[in-house]
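Here's the structure, in structure tokens; my notes come after.
Please treat every number below as a calculation from the coordinates, not as lab data. Quick caveat: nothing in here was measured; it's all calculated off a predicted structure. Here the Cβ positions follow ideal geometry from the backbone for every residue, glycine too, while neighbour counts run over all protein chains shown.
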Amino acid sequence: MNPAPTTADGGADVLVVGGGIGGLSSAFALAREGLRVRVLERAQEFGEVGAGIQVAPNCTRILADYGLLDEAKGLGVLPENMVMRDALDGRELTRLDLRDLERRYGSPYMVIHRSDLHGIFLRACRRAGVELLTDRTVVEYEQTADGARVLLEDGGTEEASVVLAADGLHSVARRQLVGDAVVSSDYVAYRAAVPIGEVRTHGVAEQDVTVHVGPRCHFVQYALRGGEMFNQVAVFESPKARAGKKDWGTPDELDAAFVGTCDTVRKGIPLMWRDRWWQMLDRDPVDTWIHGRVALLGDAAHPPLQYMAQGAIMAIEDGWVLARHVARRLGGAGGLDWDAVLAAYQAVRVEHCRRVLNTARAWGELWHLDGTKRRQRNVFLRARDTYDYGFTDWVYGPTALEPDEEPEMFTAVPLASVRLPEAEGEETAV
Ligand SMILES: Cc1cc2nc3c(=O)[nH]c(=O)nc-3n(C[C@H](O)[C@H](O)[C@H](O)COP(=O)(O)OP(=O)(O)OC[C@H]3O[C@@H](n4cnc5c(N)ncnc54)[C@H](O)[C@@H]3O)c2cc1C
């Protein structure tokens, strides 16, 4: 570790607002460079709500760099394949061989309970000396002469050289500094993690991540916690949302959304948790994440629709990139040049995350197609070679530190150019 730069008041060098996966992983990354980091979390306790999370090689590579990958592997599962199936007839459309994928990218594809991943970063923060404060709700941000200040709901203030706003999709910082609105996709997610015994008769693939894609709905399944639990995510377009109703995505809509799907999917629906659901919201990408000495990070900067399974990963990458730029500039005369660090962070991360956000939206459209377009998609995906990495290199490769390290994007194929076999007629919608 590097010696800690000092601040005039003996306080923290960095304040991190929000103790989710983005906030904690960034706090750890910066503390590892010798900075004094304080996390301000509004909840009474640090924790995560939800079930499983997919962690692709661009993130397990960072966990390995942090010395946390073995712990994560011990708590998670390394699936063998990622298989996409049609949700109506259950037929396979395409797959990734995750063992081969690990060879290609030099790092595994992992699935893990999100509370386990969060717990790994919480323990790492404690070991690294991060100051972890709960029951601290930030209500406003201000610039100071040599840093930034936050105002707390209880009337207190905190200041540091830099403030990282990692306060999630409904970020107070984003509202104050950018002022944009969330964008509703009219889709909603239901989650469940159940003992594996409850799904063994459902025809599930315990070794795989399976994504069933269907008209206006999809269903994701994979094992968790060494295979003892099974994670399911059911996502569908809410008719109430389409009708402009305020209270949308409610459980009464869940069963109807999956009526026409294959056996494996339908058997999974009664197991979904019905006391909590997640409306699928994102935001349009923005170019400016740095406002003086306040930096947006994680979902506060780039909340995606979850179809690329890259939201938490992008947040973890943000912290890693920031810390690498700190490391490059530590030890210089005159102290750490935070303005240069923040500029370098913004220069490389904004474009990458814009690509993920836009691709996630397009990916969702592709998954949820109906009729002729669904058939064209299926023909296209079935023709894909399992070992063609043209669609994953841009995201699963090493995280770029400089804009010129960002890999080329794939070239999108217009579905209209996909010819259906003559024997295939129109498909009816569910
Ligand atoms: C159904 C679903 C499936 C997903 N699957 C995946 C996946 O497989 N892989 C993946 O990488 N991502 C996935 N994501 C996305 C991922 O969950 C998020 O992108 C990620 O959790 C964002 O982390 P964050 O720390 O930026 O924000 P959050 O997790 O929202 O954390 C923000 C924290 O800030 C705190 N906070 C908020 N406001 C304040 C305030 N004013 N003052 C102090 N503290 C505050 C909150 O209490 C919270 O602890 C999925 C999302 C959904 C909805």
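Residue-level check: of (1) closer than 22 Å to V163 by Cβ; (2) surrounded by fewer than 21 Cβ atoms within 10 Å (Cβ to Cβ); (3) in contact with a Phe, Trp or Tyr (Cβ under 8 Å, 6 or more places away or on another chain); (4) among the hydrophobic types (A, V, I, L, M, F, W, C), L78 misses just (1).
Restricting region 233-248 to residues that are in a loop (DSSP other than H, G, I, E, B) and of a type outside the set (A, V, I, L, M), which is surrounded by the fewest Cβ atoms within 10 Å (Cβ to Cβ)? Residue satisfying both the conditions and the ranking: K246.
Taking region 129-143, which residues are touching a residue at least 12 places away in the same chain (Cβ under 8 Å) and out of contact with any helix residue (DSSP H, G or I) (no Cβ under 8 Å at 6 or more places or on another chain)? Can you show your working first?
Restricting attention to region 129-143, the residues satisfying the condition of being touching a residue at least 12 places away in the same chain (Cβ under 8 Å) are 129-141, 143.
Correct list: E131, L133, T134, D135, R136, T137, Q143.
If I go through region 154-193 residue by residue, how many of them are more than 25 Å from R361 (Cβ to Cβ), among the charged types (D, E, K, R) and touching a residue at least 24 places away in the same chain (Cβ under 8 Å)? Total satisfying the criteria: 2. Pairs are defined by a Cβ separation below 9 Å, a sequence spacing of at least 6 or placement on different chains, a first member in region 31-58 that is under 12 Å from D13 (Cα atoms), and a second member that is near the ligand (Cβ under 7 Å from one of its atoms); the pairs so defined are V39/V17; V39/G18; V39/G19; V39/G23; V39/R136; V39/A166.
For region 55-105, give me every one of the helices (runs of 4 or more DSSP H) that falls completely inside it and has 1 or more residues that are in contact with a helix residue (DSSP H, G or I) (Cβ under 6 Å, 6 or more places away or on another chain) and of a type in the set (A, V, I, L, M).
Details: elements: 57-65, 69-75, 98-105.
Where helices (runs of 4 or more DSSP H) fall fully within region 55-105 and carry at least 1 residues being in contact with a helix residue (DSSP H, G or I) (Cβ under 6 Å, 6 or more places away or on another chain) and of a type in the set (A, V, I, L, M), they are 57-65, 69-75.
Regarding region 171-181, can at least one residue be identified that is on the phi < 0 side of the Ramachandran plot, more than 16 Å from the ligand (Cβ to nearest atom) and either surrounded by 14 or more Cβ atoms within 10 Å (Cβ to Cβ) or not in a helix (DSSP H, G or I) (or both)? Yes, some residue in region 171-181 is on the phi < 0 side of the Ramachandran plot, more than 16 Å from the ligand (Cβ to nearest atom) and either surrounded by 14 or more Cβ atoms within 10 Å (Cβ to Cβ) or not in a helix (DSSP H, G or I) (or both). Taking region 355-379 as the range and being surrounded by fewer than 18 Cβ atoms within 10 Å (Cβ to Cβ), over 26 Å from the mean Cα position of the chain (by Cα) and part of a helix (DSSP H, G or I) as the test, the residues that pass are G371, T372, K373, V379. If the condition is being out of contact with any Lys or Arg (no Cβ under 6 Å at 6 or more places or on another chain), in a strand (DSSP E or B) and surrounded by fewer than 17 Cβ atoms within 10 Å (Cβ to Cβ), then region 114-142 contributes L133, V139, E140.
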